[in-house]
Amino acid sequence: MEKMKAKPQLSLSEALKEAMSKLTVMKGRSRRSEFWWTALVAAIFGWVIGFIPILGGIVTILLTLAMIPLAVRRLHDAGHSGWWYAVSLVLGWITGGIYIVKMMPIFEKMADNANAEKMLDKMMEVYSDPLVVCLMLVSFILGIIMLVFFCQDSKPYPNKWGVSPKYDSDEIEVIE
């Protein structure tokens, strides 16, 4: 049996450099440190810029799109398909879209300074809608699953997505 030796964790600058060099690459694998350092910087940057109305929305969309390849590579490194992330994103967008559509009448009444108690009743109707409840519950559970997958250690041996970026080995054999 071959010995596997783990490389040291990436620093913040190394992780960002690695992530930026593969900004559009969906194939391959990415280490936890690369994913989490990049996610931290993206979250902080998105939060700060988010206070600027239109620019904040545009930057949030761009950061979300930029994180997709990194998230897919991170899932590959943990031994999971990138389709998990695709399903998670699509379900989140659908849930958010349905929520916004159902809340629009409430937002319109807020602009008219309607009775606050009636608005609260309408909001409770939206939150008790079975479709909204089910979608939010499934999105929450899928979010927990994604968090667990993102936190899993690299698979030490090569898998169908490539060689481990974390472990050195003398013998490389792709397992399918």
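The values are calculated or read from the model by the stated rules, or taken from the named source; none is laboratory data. This is a predicted model, so every value here is computed, not measured. Neighbour counts are summed over all protein chains in view; Cβ atoms, including those assigned to glycine, are modelled from backbone coordinates with ideal geometry. The protein model used for the area step is the full one, side chains on, heavy atoms only, and it has no ligands, DNA or RNA in it. Shrake-Rupley method; radii C 1.70, N 1.55, O 1.52, S 1.80 Å.
Annotations for the structure displayed:
- Diagonalising the gyration tensor over the Cα atoms of the range 1-62 and scaling each eigenvalue by 5 before taking the square root yields semi-axes of 31, 13, 8 Å, largest first.
- An ellipsoid equivalent to the chain, defined through the eigenvalues of its Cα gyration tensor, has semi-axes of 41, 19, 12 Å when rounded to whole angstrom and sorted largest first.
- Normalised per residue, the accessible area of the range 1-151 is 65 Å², obtained with a 1.4 Å probe and no contribution from ligands, DNA or RNA.
- Remark: the range 53-60, residue by residue, has Karplus-estimated 3J(HN,Hα) of x, 6, 4, x, x, 5, 5, 4 Hz, where x stands for each Gly or Pro and the curve is 6.51 cos²θ - 1.76 cosθ + 1.60 at θ = phi - 60°.
- Its Cα centre serving as origin, the range 1-125 has a Cβ charge dipole (Lys and Arg +1, Asp and Glu -1) of approximately 740 debye.
- In loop segments of the range 1-86 as defined by DSSP, the chymotrypsin sites (Phe, Trp or Tyr not before Pro) with at most 13 further C-beta atoms inside 10 Å of their C-beta are 51.
- Estimated distance in nm for a label pair at residue 25 and residue 160, the labels positioned 7 Å out from Cα along Cα-to-Cβ: 2.1
- Straightening the chain between residue 58 and residue 44 buys 3.5 nm, computed as 0.36 nm per residue apart minus the Cα-Cα spacing.
- For the chain, the longest principal axis of the Cα atoms and the long axis of helix 83-111 meet at an angle of about 20 degrees.
- Using alpha-carbon coordinates, inclination of helix 32-49 to the longest axis of the chain, degrees: 30
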